[in-house]
Structures are given as structure tokens and as C-alpha cells.
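The values are calculated or read from the model by the stated rules, or taken from the named source; none is laboratory data. This structure is a prediction, so every number in the text was calculated from the model and none was measured. Cβ sites come from the backbone with ideal geometry, for glycine too, and all protein chains shown count toward neighbours.
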Amino acid sequence: MENEKRTEIATLGEFGLIDKLTKDIQLHNDSSVKGAGDDAAVIHSGLPQVITTDILVEGIHFDLVYTPLKHLGYKSVIVNLSDVYAMNAVPKQILVSIAISNRFSVEAIDEIYDGIKLACAKYNVDLVGGDTTASPKGLIINVVAIGEQQKEKIVYRNTAKEGDILCVSGDLGGAYMGLQILQREKHVFLNAPDASIELAGNDYIVGRQLKPEARKDIIEYLESENIIPTSMIDISDGLSSEILHLCKQSEVGCQLNEAEVPIANETYNKALDFNIDPINCALSGGEDYELLFTLNPKDADKIKSHPDISVIGEILDANLGVKLFTKGGNYHDIISLGWDGLKDG
Ligand SMILES: [Mg+2]
């Protein structure tokens, strides 16, 4: 890296930097009336707006030892789009604010924005504004995402009903195992900077951590099949935590079937290597950005053949609690461990 060109932020100034970052932005959505360049952006949509924001702080949410800046920019957008999709809405605009210290160059900020713009292009979202400012130390990225949907198609967390089937997209636990690999290699690197970083063979799980995707495709599939989930949430903090949110807010119970929880082979095998029970990666590992949703059983046939949607359980009366039905035939209460809980096994 030290041989690459380095332009100090101070040589451009704040306005020069913003001009540089926004000069080639084109707006693609009709509702994006005015983007960056005035005091405020202008959005005009005839539909209800869904708005969310998420903040990523260096040292808390990401580690630049193993996170490429372009991936960080990409992921900062994805985590917000995932929340818009989790409302069954279509994201249309984002605003991005960055606080950055002078240890970063203009080229580094360009890399972050390359990732942001790549996500915008892939998900057909317009970058319509934001802010940049100096930070005394470290990097902070805040993204606001704005989406739209007809009022009757917006899906909430608190509307699951007894008898609904519980579904999840994709597979779970991969991002958590990817993080374990990256942290292990960071440790190796810090102890012996000349040692080679060994990520080979772990492409899938490392990719799940560094370059997650939001499930635009699932929302489009449900729309094409005229399915409106009865409730939905995205999986950012692990399956246990999201199921508990959904059940608590909907005032229902649930049976989650361990045998049906989708876990990729690479995740499964790597978990065993690390002496972690694979189901715990899915239950408590975060950042998979898959969609967890409930369906009226009348829609069950429509998703049965979809290769990337799994039926993992059923919504029950609240009195029956929130239970994991294990492969061994036992029932356990689902509790929210979060990432720290995993470390104790
Ligand atoms: Mg969410």
C-alpha cells in the first residue's frame, strides 16, 4: 500500500472532496427528483416511504486489518437495504455520511465510495446526499436508506399468527464463521507480519462476512407469486434473537426445527473445526442478512420448490413458548445469546 499514491484530504477541502465523490453520480429512479448538490435532496414518490439508518464504527462494527475499504462501503449500504427489504419494500435512495481522520487519504475514501456506488448500481438505488467531516480518530459511516411500498404490502414484525409457517432465505451462520477465520488470521498476522494469510478454501464464509448481499431476489419472488408474508424481519443478530423479536412483538409462540435450519457445508465443517456446534452458528452468529418471515399456510405450496427458501418451523400459541425442537427429539427454550454467548460454547 505504501507505494500507492496518497493525496491528503486537506488538499481538497471538505467541499472539494464532496464534489469529487459526487460528480459522476447519476440518478435512476423517477422518485429521485434532486440528488447531491443543493441544500437538501428532493424525493417525490406517490407511495408510503420506508426509512432506516445504520451506523458502522471502526473498532466496534468493523476491523480494517481484514476489511477492504471497498467491501466496507458495499456492506454499509447492504445492511440498510436489508432492513428496507425486511419491510417488504423496495429501496430507492440512500444518503451516506462519513467521519474520517486524516490517517485516511483521498484515495482511501474513493475506495469506500467505489463500494457504495457498486451496491447502488447492483440494487438500483440512488445516492442522493450525505455529509463528510473530520474525525479525531477512526472511521464512522452512517447510511440512511429510503424505500417505498404500497401501504397494504408493507410487512411488520408484529403480525405473525398462530398456524403460520416460519421461513428463512439462504443459509445461516456463514458470516459468523467467516469472522472466526478473519480474526484467526489477524492474530497470526499480528504475531508474525511475514506469515501468509490463509483464507483459501474459506471463500464462501469469508465472503458472507465481508461482502454480504441483501435479499432483493426473495422480495421480488414473493411479489411475483402474489405472496405477502404475515410478518418479516432480517437476520442481523442471529436467528434466535430475530425469532424472539418476532414472537414477542406478535405475541405468539413458535417451534423451530433444528433439522430444517439451513447451514452451508462450508459453515458446518468449519464450525466443527472450531469446536462450535453448527446450529449455534445459525442461532447466535450475526450478520447473515437473510430474511426470516412467516406465511399463511395457504401460501406454503408456492414456496415449496424455491431452492433458497426453507420452512424451519411453525408459529404457535404464546402459551407454548418459543422452542427449538432438536435433532435428538428434545425441546429447548430459545434464548438470545448473541455473539458473546457463542464464545463460551
Ligand atoms: Mg433489521
- [ ] Identify all residues within the stretch 67-76 that are within 15 Å of the ligand (Cβ to nearest atom) and touching a Pro at 6+ places or on another chain (Cβ under 9 Å); write none if there are none.
- [x] 75
TODO: Would you confirm whether any residue within the stretch 78-98 is within 27 Å of residue 193 (Cβ to Cβ) and assigned by TED's automatic domain parsing to the domain that holds residue 29?
DONE: no
- [ ] List every residue pair whose Cβ atoms lie under 6 Å apart, where the two residues are 6 or more positions apart in sequence or sit on different chains, the first residue falls within the stretch 168-186 and is under 26 Å from residue 217 (Cβ atoms), and the second residue, located anywhere, is assigned to a helix (DSSP H, G or I) and hydroxyl-bearing (Ser, Thr, Tyr).
- [x] 173/267; 174/267; 177/267
Task: Unmet requirement for residue 257, which otherwise passes all of (1) surrounded by fewer than 18 Cβ atoms within 10 Å (Cβ to Cβ); (2) within 16 Å of the ligand (Cβ to nearest atom); (3) farther than 12 Å from residue 336 by Cβ - done: (2)
Task: helices (runs of 4 or more DSSP H) contained in the stretch 194-276 and holding at least 2 residues out of contact with any helix residue (DSSP H, G or I) (no Cβ under 6 Å at 6 or more places or on another chain) and aliphatic (A, V, I, L, M) - done: 216-224, 239-250
Task: Filter result for residue 44 (in the same structural domain as residue 129 (by TED's automatic domain parsing), surrounded by fewer than 14 Cβ atoms within 10 Å (Cβ to Cβ) and modelled with pLDDT under 95) - done: no
Open item on the list: Give me the residue from the stretch 88-130 that is without any contact (Cβ under 8 Å) to a residue 60 or more places away in the chain and charged (D, E, K, R) and, out of that set, farthest from residue 226 (Cα to Cα).
Closed with: 103
Task: Residues satisfying the stated conditions in the stretch 230-253, i.e. away from the ligand (no atom under 14 Å from the Cβ) and either in contact with a Leu (Cβ under 6 Å, 6 or more places away or on another chain) or closer than 30 Å to residue 69 by Cβ (or both) - done: 240, 253
